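Undergrad: The structure is given below, and queries will be raised subsequently.
The values are calculated or read from the model by the stated rules, or taken from the named source; none is laboratory data. All values reported here derive from a predicted model rather than from experimental measurement. Glycine also receives a Cβ, built like all others from the backbone with ideal geometry; neighbour counts cover every protein chain displayed. For accessibility, only protein heavy atoms count, side chains too; no ligands or nucleic acids. Shrake-Rupley method; radii C 1.70, N 1.55, O 1.52, S 1.80 Å.
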Amino acid sequence: MQALIEVILPVFLVAGFGYVAVWRGLFSDAAVDGLMRFTQSFAIPCLLFRAISTLDLGQEAEAPLLLSFYAGALSGFAAGLLGARYLFRRGWEDAVAVGFTGLFSNTLLLGLPITERAYGTDALGGNYAIIALHAPVCYGLGITAMEVARAGLRPGALARQIGAALGRNPLVIAIVLGLGVNLAGLTVPVPLGDALDLMARAALPAALFGLGGVLCRYRPEGDMRLIGYVVAVALVLHPSVTWTLGRALALDTAALRSAVLTAAMAPGVNAYIFATLYGRARRVAASSVLIATALSVLTVWVWLQILP
């Protein structure tokens with residue numbers, strides 16, 4: 001119970017403040033959009049660049065950590081895709097959007113602050129190693145699967161579309177630049193580093209507040225059996241697979257914590273963005289994000305009790 005109060009609730013309370021502010025008309029939808037653009041296009045990229053440029057890649061980006069997390073993520077995608085298609089009789093394009101919702105956990109806005117509050121800033125190395133691959137892996141898989149389902153692009157055109165989508169993403173750009181600085185052994189000048197740190201410190205609290213405002217727009221409605229299925233995939237299947245593999249591969253305590261807690265996060269808002277991009281299963285994606293985010297207050301607490 002102490003973990004619930006001291007670690008999890010402060011994170012969700014900040015998101016709750018954003019939800020209530022928008023619900024009561026104290027913060028406009030336009031302001032939420034501006035805040036989310038600031039965090040996702042500027043502040044969070046600064047945070048990722050600083051973290052990855054100084055990350056000990058040899059120690060943190062170990063294969064068992066990445067295998068444990070991404071095997072869980074791919075299990076979530078497969079379960080969402082096949083369940084939507086064969087259990088709920090949805091079309092293949094809807095099924096891909098549902099699968100993406102089971103794939104894309106909220107590694108940034110929830111995974112980072114909860115891990116930091118639970119285990120400290122020094123415990124985030126594994127989180128950043130996972131995040132470095134998260135957008136390329138998830139969007140690459142999601143776009144590929146959707147275009148195959150639509151049967152509208154040749155392989156060359158498909159590769160160009162995926163590359164263009166990732167090349168415009170500020171988070172991917174920040175990750176690539178951070179990796180470049182890291183691998184080249186460069187040092188960021190002190191004034192620039194201090195400026196980036198100022199931006200980075202604003203990233204998570206502002207993004208959490210904005211996330212609450214975004215969630216206020218969603219209303220759980222219809223398709224409740226499918227939504228419940230997706231929530232179970234995201235909150236139970238993904239972290240369970242990661243936990244099982246992490247134990248089997250003898251991950252050390254810090255890596256196991258990062259992998260499982262990150263896997264245990266609710267689907268991110270990007271799941272709804274992906275569904276909107278293709279105009280498929282938007283209601284399922286939006287409601288799954290909202291309901292899973294609320295329920296993860298309890299499910300994350302359970303995982304904190306299980307983890308060493």
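Undergrad: Looking for something under 21 Å from residue 238 (Cβ atoms), in contact with a helix residue (DSSP H, G or I) (Cβ under 6 Å, 6 or more places away or on another chain), open to solvent by 10 Å² or more (accessible area, probe 1.4 Å) and modelled with pLDDT under 80 - is there at least one such residue anywhere in the stretch 164-172?
TA: Start the filter on the stretch 164-172 by keeping residues that are under 21 Å from residue 238 (Cβ atoms), which leaves 171.
Now drop any that are not in contact with a helix residue (DSSP H, G or I) (Cβ under 6 Å, 6 or more places away or on another chain), which leaves 171.
Checking which are open to solvent by 10 Å² or more (accessible area, probe 1.4 Å) leaves us with 171.
From what is left, the residues that are modelled with pLDDT under 80 are 171.
Taking every residue of the stretch 164-172 in turn, at least one turns out to be under 21 Å from residue 238 (Cβ atoms), in contact with a helix residue (DSSP H, G or I) (Cβ under 6 Å, 6 or more places away or on another chain), open to solvent by 10 Å² or more (accessible area, probe 1.4 Å) and modelled with pLDDT under 80.
Undergrad: So which of 77, 42 is open to solvent by 60 Å² or more (accessible area, probe 1.4 Å) and either aromatic (Phe, Trp, Tyr) or without any contact (Cβ under 8 Å) to a residue 40 or more places away in the chain (or both)? Explain how you work it out, then say what you get.
TA: Values: 77 fails: open to solvent by 60 Å² or more (accessible area, probe 1.4 Å).
Result of the check over 77, 42: 42.
Undergrad: From the list 198, 261, which residue is in contact (Cβ under 8 Å) with a residue 60 or more places away in the chain and not aromatic (Phe, Trp, Tyr)?
TA: Within the list 198, 261, the selection yields 261.
Undergrad: Given the conditions (1) over 28 Å from residue 294 (Cα atoms); (2) open to solvent by less than 30 Å² (accessible area, probe 1.4 Å), report the number of the one that residue 212 does not fulfil.
TA: Looking at each condition in turn, residue 212 falls short on (1).
Undergrad: Residue 85 fails exactly one of the following numbered conditions: (1) modelled with pLDDT under 95; (2) open to solvent by 20 Å² or more (accessible area, probe 1.4 Å). What is the number of that condition?
TA: All conditions are met except number (1).
Undergrad: While we're on this one: Restricting to the stretch 56-65, and then to whatever is in contact (Cβ under 8 Å) with a residue 24 or more places away in the chain and closer than 22 Å to residue 243 by Cβ, can you tell me which residue is surrounded by the most Cβ atoms within 10 Å (Cβ to Cβ)?
TA: Just the residues of the stretch 56-65 that are in contact (Cβ under 8 Å) with a residue 24 or more places away in the chain, to begin with: 56-57, 59-62, 64-65.
Applying the additional criterion that residues be closer than 22 Å to residue 243 by Cβ yields 59-62, 64-65.
Details: 59: 12, 60: 20, 61: 19, 62: 17, 64: 17, 65: 26.
Among residues in the stretch 56-65 that are in contact (Cβ under 8 Å) with a residue 24 or more places away in the chain and closer than 22 Å to residue 243 by Cβ, the one surrounded by the most Cβ atoms within 10 Å (Cβ to Cβ) is 65.
Undergrad: Here is a further query. Is it the case that residue 229 is touching a Phe, Trp or Tyr at 6+ places or on another chain (Cβ under 9 Å), open to solvent by 60 Å² or more (accessible area, probe 1.4 Å) and either part of a helix (DSSP H, G or I) or modelled with pLDDT of 95 or more (or both)?
TA: No, not satisfied.
Undergrad: Right, another one. Among the numbered conditions (1) in contact (Cβ under 8 Å) with a residue 12 or more places away in the chain; (2) open to solvent by 30 Å² or more (accessible area, probe 1.4 Å); (3) not in a loop (DSSP other than H, G, I, E, B), tell me where residue 222 comes up short.
TA: Here residue 222 meets the rest and fails (3).
Undergrad: Can you tell me which of 99, 111, 18 is at pLDDT below 95, assigned to a helix (DSSP H, G or I), crowded, with 23+ Cβ neighbours inside 10 Å and touching a Phe, Trp or Tyr at 6+ places or on another chain (Cβ under 6 Å)?
TA: 18
Undergrad: Only one residue in 53, 28, 68, 105 is open to solvent by 40 Å² or more (accessible area, probe 1.4 Å) and of a type in the set (Gly, Ala, Ser). Which one?
TA: Just one listed residue meets the conditions, 28.
Undergrad: Criterion first (part of a helix (DSSP H, G or I), among the polar types (S, T, N, Q), within 22 Å of the chain's Cα centre (by Cα) and at pLDDT below 85) does residue 144 satisfy it?
TA: Spelling it out, residue 144 is indeed part of a helix (DSSP H, G or I), among the polar types (S, T, N, Q), within 22 Å of the chain's Cα centre (by Cα) and at pLDDT below 85.
Undergrad: What tally of residues in the stretch 181-196 results from selecting those that are assigned to a helix (DSSP H, G or I), exposed (fewer than 13 other Cβ atoms within 10 Å of the Cβ) and at pLDDT 90 or above?
TA: Number satisfying all stated conditions: 4.
Undergrad: Helices (runs of 4 or more DSSP H) wholly in the stretch 24-65 with at least 3 residues that are within 18 Å of the chain's Cα centre (by Cα) and modelled with pLDDT under 90 - which ones? Explain how you work it out, then say what you get.
TA: Values: elements: 29-38, 44-53, 57-60.
In the stretch 24-65, 44-53 are the helices (runs of 4 or more DSSP H) which contain 3 or more residues that are within 18 Å of the chain's Cα centre (by Cα) and modelled with pLDDT under 90.
Undergrad: Pairs under 6 Å by beta carbon, first residue over 18 Å from residue 204 (Cα atoms) in the stretch 9-31, partner assigned to a loop (DSSP other than H, G, I, E, B) and of a type outside the set (Val, Ile, Thr), six or more apart or different chains?
TA: That search, which allows pairs on different chains as well, returns 22/216; 23/216.
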